[in-house]
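A short worksheet on the structure shown next.
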Amino acid sequence: QSYEMTPHEQNTVLLASNRGPVTFTLAEDGELIVRRGGGGLVSGLSNVAAGADAPPGMLWICSALSDGDRRAVRLSPGGRVDRSGYETGPLRMLDIPPATFHRAYNAIANSTLWFVHHLLYNTPNSPRFDGLFRREWESYRAYNETFAAALAEEAAPGARVMVQDYHLTLVPGMLRATRPDLRVSHFSHTPWAPPDYFSLLPGDIGAEVLSGVLGADHAGFLAERWASAFMDCCESQLGAKVDRACRTVTHDGRTTRVGVHPLGVDGHELWVRASEPDVESHVAALRAQTGDRQVIVRIDRTELSKNIVRGLMAYREFLAGHPEWHGRVVHLAFAYPSRHDLPEYREYTAAVQRYAKEIEDEFGTDDWDPLVLNVDDDYARSLAAYRIADVLLVNPIRDGMNLVAKEGPILSPRAALVLSREAGAAAELGGDALLVNPYDVSGTADALHAALVMPEAERMARAVRLSAAATALPPRKWFADQLTALSG
Ligand code: G6P
């Protein structure tokens, strides 16, 4: 039987995230130019949940983030920018009032929830939950309500809804109240804080976050550790009943299943991209810069959790302790700007640059640059850096997964991986990486040395196994698993 479906009936799979698969910029003549969105979540999901490969019935709902996005929304009926001929895949952007958006995104999502889950609070006066925080929390709630209302309006009866990340923790609970027919999942792309740290949040706020996520039928995490921490928080803060063997949490008469889905990389896709001419020419340029020296690579956003300064300290300690390596090694550190609306991030970027300069001044000579710090974002050049790496340094204080640790071994078949034990990726890669405590600068310096002197045959054998682990759950399969988790 065939009949004309209304848009509402067509939307059987919905995905909600703050950042969408594309963003619009305004050209000088006022034309809108569409570009691919950035960030870990989006780059993992774009190829499977947007564009031509999206499953039938898919609608992605995201925030309008740029002036171009807001313009695109205004030009599009109901915010459905896909109907305006931009070939974005089915996409609706929500034009949230700027002040509400700013408080929800910068003050709550990025300065509060991100800080809690990454254990980043470390000054006597931070965090501080005061009247201003309460107003910001109201905005976070309003922002979540806007998403929940759009999803409730768009979703077909019984549709599956996949809510992404810490920006949208309240959405599952809100949808449960208005659309109990929907099957809803929430996925955290970050770590989850252990109860002692999570309880830094005022009790009612922590409970609101936990109950919000528990509005979902399925709560997904990148690693067992984060799933356990979430269950521990539900137990200690909400008094929920947790069954660890079956991975379920029962609260308020409902049961939420908890799942672990360690997102990986599509190795073939990555290789194809990394073999394109723009990457080849960056490989040649970087080789010209490094010569035949050993190359230590790191690639990060300049993000507080990435621990770039301690990584540089470790390199400095390694150089100080091993003069035999002077002139024989180069550290390529790519640290792209991130979240510069927040003063902490601007200060951190400055600290990274200051520290890098000190290393250059202390060790550099006329014919040897021990460190090359690059702060401009260039994906092709990052791929080229992986390809020439002998050692890859990934030392976050804490990280949900860390895809650099997974992409590196795929593209650098003879690189040793020095990896923080606090990255979610350590659960899968720990056996073949050199694991470090990210706070232990001397330990990290020793690991850099051990990686450099590791025989090439051993590095290569490890890289083969690392690469196999990194590709075990590519985005396509990860996405399919999320959907299956909602099918039961
Ligand atoms: C990283 C995190 C994701 C998060 C994203 C947000 O990729 O792993 O969990 O959603 O950052 O970044 P943004 O640039 O949108 O603030």
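Applying the set (1) modelled with pLDDT of 95 or more; (2) surrounded by fewer than 20 Cβ atoms within 10 Å (Cβ to Cβ); (3) touching a strand residue (DSSP E or B) at 6+ places or on another chain (Cβ under 9 Å) to R80 leaves exactly one unmet item: (1). Looking across the stretch 309-363, the residues that are within 28 Å of the chain's Cα centre (by Cα) and without any contact (Cβ under 8 Å) to a residue 24 or more places away in the chain come down to H340, P343, R346, E347, A350, Q353, R354. Taken over the stretch 201-222, the criterion of being assigned to a helix (DSSP H, G or I), within 16 Å of the ligand (Cβ to nearest atom) and closer than 19 Å to V260 by Cα is satisfied by V213 alone.
Test of understanding: among L419, L448, which residue is free of Cβ contacts under 8 Å to residues at least 60 places away in the same chain and within 18 Å of M313 (Cβ to Cβ)? Explain how you work it out, then say what you get.
On the way: L448 fails: free of Cβ contacts under 8 Å to residues at least 60 places away in the same chain.
One residue alone meets the criteria, L419.
Does the stretch 278-330 hold any residues that are of a type in the set (S, T, N, Q) and out of contact with any strand residue (DSSP E or B) (no Cβ under 8 Å at 6 or more places or on another chain), and which are they? Break it down stepwise before answering.
Residues of the stretch 278-330 of a type in the set (S, T, N, Q): 281, 289-290, 294, 302, 305, 307.
Of everything in the stretch 278-330, just one residue is of a type in the set (S, T, N, Q) and out of contact with any strand residue (DSSP E or B) (no Cβ under 8 Å at 6 or more places or on another chain), namely S281.
The number of residues in the stretch 30-55 being over 27 Å from T302 (Cα atoms) and touching a Leu at 6+ places or on another chain (Cβ under 8 Å) comes to 4. Of the residues making up the stretch 175-200, those that are more than 14 Å from the ligand (Cβ to nearest atom), closer than 19 Å to V13 by Cβ and of a type outside the set (V, I, T) number 8. The criterion of at least 1 residues that are under 19 Å from V171 (Cα atoms) is met, among strands (runs of 3 or more DSSP E) falling completely within the stretch 1-106, by 13-16, 58-63, 91-94. Scanning the stretch 153-174 for residues that are more than 12 Å from T12 (Cα to Cα) and among the hydrophobic types (A, V, I, L, M, F, W, C) returns V163, L168, L170, V171, M174. Scanning the stretch 438-471 for residues that are part of a loop (DSSP other than H, G, I, E, B) and surrounded by 14 or more Cβ atoms within 10 Å (Cβ to Cβ) yields P438, D440, M454, T471.
Residue-by-condition table, conditions (1) of a type in the set (S, T, Y); (2) within 15 Å of L59 (Cβ to Cβ):
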residue: F129; (1), (2): no, no
residue: F133; (1), (2): no, no
residue: E136; (1), (2): no, no
residue: S139; (1), (2): yes, no
residue: E145; (1), (2): no, no
residue: A148; (1), (2): no, yes
residue: V163; (1), (2): no, yes
residue: L170; (1), (2): no, no
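Of the residues making up the stretch 83-120, those that are buried (at least 19 other Cβ atoms within 10 Å of the Cβ), polar (S, T, N, Q) and within 20 Å of the chain's Cα centre (by Cα) are N110, S111, T112. In this entry, F101 passes the filter for residues that are in contact with a strand residue (DSSP E or B) (Cβ under 7 Å, 6 or more places away or on another chain), within 13 Å of the ligand (Cβ to nearest atom), among the aromatic types (F, W, Y) and touching a residue at least 12 places away in the same chain (Cβ under 8 Å). Whenever a residue of the stretch 293-304 is under 17 Å from Y345 (Cβ atoms), its partners that are within 13 Å of the ligand (Cβ to nearest atom) and not charged (D, E, K, R), lying with C-beta atoms within less than 6 angstrom and at least six residues away or across chains, give the pairs R301/Y336; R301/S338; T302/P337; T302/S338; E303/S338. Of all residues in the stretch 408-434, those satisfying the criterion of being assigned to a loop (DSSP other than H, G, I, E, B) and not small (G, A, S) are P413, R414, R421, E422, D432.
Here G264 meets each of (1) within 16 Å of the ligand (Cβ to nearest atom); (2) of a type in the set (G, A, S); (3) assigned to a strand (DSSP E or B) with one exception, condition (3).
Would you pick out the residues in the stretch 146-169 that are within 16 Å of the ligand (Cβ to nearest atom) and among the aliphatic types (A, V, I, L, M)? Can you show your working first?
So in the stretch 146-169, the residues within 16 Å of the ligand (Cβ to nearest atom) come out as 147, 162-169.
Scanning the stretch 146-169 gives M162, V163, L168.
Among the residues of the stretch 220-237, the ones that are under 22 Å from A469 (Cβ atoms) and not acidic (D, E) come to 8 in all. Evaluating Y386 against the criteria (1) within 16 Å of the ligand (Cβ to nearest atom); (2) in contact with a Ser or Thr (Cβ under 6 Å, 6 or more places away or on another chain); (3) touching a residue at least 60 places away in the same chain (Cβ under 8 Å) leaves one unmet condition, (1).
The residues listed here are S281, S236, S305; of these, the one that is over 26 Å from the mean Cα position of the chain (by Cα), closer than 30 Å to F198 by Cβ, small (G, A, S) and not in a loop (DSSP other than H, G, I, E, B) is S236.
Counting only residues that are over 21 Å from the mean Cα position of the chain (by Cα) and in contact (Cβ under 8 Å) with a residue 40 or more places away in the chain, the stretch 30-52 holds 2 of them. Scanning for something touching a strand residue (DSSP E or B) at 6+ places or on another chain (Cβ under 8 Å), in contact (Cβ under 8 Å) with a residue 60 or more places away in the chain and crowded, with 23+ Cβ neighbours inside 10 Å, does the stretch 172-183 turn up at least one residue? There is no residue in the stretch 172-183 that is touching a strand residue (DSSP E or B) at 6+ places or on another chain (Cβ under 8 Å), in contact (Cβ under 8 Å) with a residue 60 or more places away in the chain and crowded, with 23+ Cβ neighbours inside 10 Å.
The values are calculated or read from the model by the stated rules, or taken from the named source; none is laboratory data. Since the model is a prediction, treat every value here as computed from it, not as a measurement. Glycine gets a Cβ as well: all are built from the backbone with ideal geometry, and neighbour counts include every protein chain shown.
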